[in-house]
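The values are calculated or read from the model by the stated rules, or taken from the named source; none is laboratory data. Predicted model only: the values in this text are computed from it and were never measured. Cβ coordinates were reconstructed from backbone atoms using ideal geometry, including for glycine residues, and neighbour counts include every protein chain displayed. To get the accessible areas, we keep the full protein, side chains included, count just its heavy atoms, and leave off ligands, DNA and RNA. Shrake-Rupley method; radii C 1.70, N 1.55, O 1.52, S 1.80 Å.
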Amino acid sequence: MSELVLSAVDQGVLTLTFNRPETLNAWTDAMGRRYFDLLEEAERDPAVRAVVVTGAGKGFCSGADFKTLNAIQTGAYDEKPDPRPNTFPTTIAKPIIAAVNGACAGLGMVHALVCDLVLTAEDAKWTTAFPRRGLVAEYGLSWVLPRIMGQQRAMDVLLSGRVFTGREAYELGLVNRAVPGDGVVAAAQEYARELAAHSSPASMSVIKRQVWRDWDVTLEESAKTATQEMLASFGRPDFAEGVASFLERRPPNFPSL
């Protein structure tokens, strides 16, 4: 199971690589469990300050494995599902950046978009695929997509199930950046290293929680909670170090989360 997701840490950045290239990294419960386990380990590891997620070979994740889908269709599927939901990465207290290097379809698209930021190769192929398989918008994608790209654009990619490129994904507002060639992983790692070097782990953790949580609350509620969080931040060593590093014109040395 350990080889289903490759793991490597460098300069505070953990890179996780879905490792089923022969299937364009099609999602299985075993791969998902390993991925989520590694995210939990990363959250506890003081050496990790940001995470990059990508795929081996020519795909990011091509969606649910067809053997799994066939077993579900025939009633032969009997594997116990992971109790952690597919939105689990949003609960991890460290920033997660998806580096979509190739095919990103269905459940793979879900897992790209529950990361905190998304970079894509310009020629990567994206698709929801759901209506072309007789399925529906899965795992909260009908909630996430309209908030990211607007309702009409979300309707387009959900109802049609059409294939579009990483370049169009950027033009639609679906991703943060489209990168030419095969440089998307390096670009994501460079961005993650910037976070690791210059952003407070405690601040990033709180900001991530604020952003994902505040989709569900009013502006008044958000502002009230933000005031409480700001007052709490004044008492952290991160605040003292952030001010000192600015005044002393040097890189910050923030404590681990």
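Per the listing Thr91, Thr74, the residue uniquely at pLDDT below 95 and either β-branched (Val, Ile, Thr) or more than 12 Å from the chain's Cα centre (by Cα) (or both) is Thr74. Gly57 - would you say it is part of a loop (DSSP other than H, G, I, E, B), among the small types (Gly, Ala, Ser) and either in contact with a Phe, Trp or Tyr (Cβ under 6 Å, 6 or more places away or on another chain) or more than 30 Å from Phe254 (Cβ to Cβ) (or both)? Yes. Scanning region 179-214 for residues that are more than 30 Å from Leu231 (Cα to Cα) and either part of a helix (DSSP H, G or I) or of a type in the set (Val, Ile, Thr) (or both) yields Val179, Val184, Val185, Ala186, Ala187, Ala188, Gln189, Glu190.
Please list, ordered by first then second residue, the pairs with beta carbon atoms under 6 Å, 6 or more apart or interchain, first in region 14-41 and touching a residue at least 60 places away in the same chain (Cβ under 8 Å) and open to solvent by less than 40 Å² (accessible area, probe 1.4 Å), second part of a helix (DSSP H, G or I) and not β-branched (Val, Ile, Thr). Every condition considered, the pairs that remain are Trp27/Leu107. Among the residues making up region 136-164, those that are in contact (Cβ under 8 Å) with a residue 24 or more places away in the chain and either on the phi > 0 side of the Ramachandran plot or open to solvent by 50 Å² or more (accessible area, probe 1.4 Å) (or both) are Tyr139, Gly140, Arg147, Ile148, Leu159, Gly161, Arg162, Val163.
Output the residues belonging to region 167-226 that are modelled with pLDDT of 95 or more, charged (D, E, K, R) and open to solvent by less than 80 Å² (accessible area, probe 1.4 Å). Answer for region 167-226, where residues must be modelled with pLDDT of 95 or more, charged (D, E, K, R) and open to solvent by less than 80 Å² (accessible area, probe 1.4 Å): Glu168, Arg193, Lys208. Pairs meeting the criteria (first residue in region 105-124 and assigned by the TED database to the domain that holds Met31 and of a type in the set (Asp, Glu), second residue at pLDDT 95 or above and buried (at least 24 other Cβ atoms within 10 Å of the Cβ), beta carbons under 6 Å, at least 6 apart or on different chains) are Glu122/Gly166. Of the candidates Arg250, Arg213, the single residue that is under 26 Å from the mean Cα position of the chain (by Cα) and basic (Lys, Arg) is Arg213.
Could you say whether any residue in region 94-113 is assigned to a loop (DSSP other than H, G, I, E, B), at pLDDT 95 or above and open to solvent by 40 Å² or more (accessible area, probe 1.4 Å)? So far as region 94-113 goes, no, none of its residues is assigned to a loop (DSSP other than H, G, I, E, B), at pLDDT 95 or above and open to solvent by 40 Å² or more (accessible area, probe 1.4 Å).
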